[in-house]
Amino acid sequence: ESGVARLYVYKCRNDPDTEFSAYGDWLRVFEAAGPVAWGGVWATQHPTSIEIFESEIQPGDLILAWQTDKHAAVGVAEVVGFEMRGQDRQVLLEAREEFPRPVQLHKLKKSTNPELNSVSALKQGKVATIYRTDHSEARALLNACSSRYAGLV
């Protein structure tokens with residue numbers, strides 16, 4: 001799978017009263033003219049998310065931007081680098097594709113896209129910040145969103 005972009009599902013909630021340490025609106029990334037520092041280890045307590053931020057995610061990887069308070073995917077961003085926030089590596093993202101309207105994948109998996117039922121990021125359980133996807137999950141997610149990136153993962 002070399003030369004093929006990896007896709008991660010990155011969940012974010014726009015709620016300053018949240019019990020979590022970080023919150024935000026993906027619109028900030030999609031309305032920016034260039035890279036935006038976004039999240040990282042400091043923004044999560046989930047062990048798998050920390051592992052992804054510390055040692056796995058790389059420039060060129062794609063992010064399916066999930067706005068949890070809208071229960072929807074809102075676009076695709078690309079990891080373009082990192083910057084330090086204190087001792088933590090923070091991800092630099094650049095918008096690549098904002099969907100014309102938020103895509104409510106949970107509704108689609110119950111109706112027109114049953115293949116989404118196997119996507120780990122859409123299953124019940126302890127909420128993580130960022131999720132790995134395998135090739136078939138990435139393709140199913142991006143196809144359901146009618147993303148131009150569906151053929152690149």
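The values are calculated or read from the model by the stated rules, or taken from the named source; none is laboratory data. Owing to the predicted nature of the structure, the values given are computational and were not obtained by experimental measurement. Heads up, the Cβs are rebuilt from the backbone with ideal geometry, glycines too, and the neighbour counts pull from every protein chain shown. Side chains are part of the model used for accessible areas, which takes the heavy atoms of the whole protein and leaves out ligands, DNA and RNA. Shrake-Rupley method; radii C 1.70, N 1.55, O 1.52, S 1.80 Å.
Listed here are the residues, each with its yes/no results for (1) at negative phi; (2) in contact with a Leu (Cβ under 7 Å, 6 or more places away or on another chain); (3) surrounded by 14 or more Cβ atoms within 10 Å (Cβ to Cβ).
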residue	(1), (2), (3)
GLU31	yes, no, no
THR44	yes, no, yes
SER55	yes, no, no
PRO59	yes, no, no
ILE63	yes, yes, yes
THR68	yes, no, yes
ALA77	yes, yes, yes
ARG85	yes, no, yes
ASP88	yes, no, yes
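For segment 93-102, filtered to residues that are farther than 13 Å from TYR8 by Cβ and touching a Phe, Trp or Tyr at 6+ places or on another chain (Cβ under 6 Å), the residue that is least open to solvent (accessible area, probe 1.4 Å) is ALA95.
The sole residue among ALA150, ALA121 that is touching a residue at least 24 places away in the same chain (Cβ under 8 Å) and touching a Lys or Arg at 6+ places or on another chain (Cβ under 9 Å) is ALA121.
Yes or no, residue by residue, for (1) closer than 22 Å to ILE57 by Cα; (2) open to solvent by 20 Å² or more (accessible area, probe 1.4 Å):
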position	(1), (2)
GLN104	no, yes
LEU108	no, yes
VAL119	yes, no
LEU122	yes, no
ARG132	yes, yes
SER147	yes, no
LEU152	yes, yes
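Within segment 8-18, one or more residues are among the aromatic types (Phe, Trp, Tyr) and modelled with pLDDT of 95 or more. Apart from one condition, THR112 fits all of (1) part of a loop (DSSP other than H, G, I, E, B); (2) over 17 Å from LYS11 (Cβ atoms); (3) open to solvent by less than 80 Å² (accessible area, probe 1.4 Å); the exception is (3).
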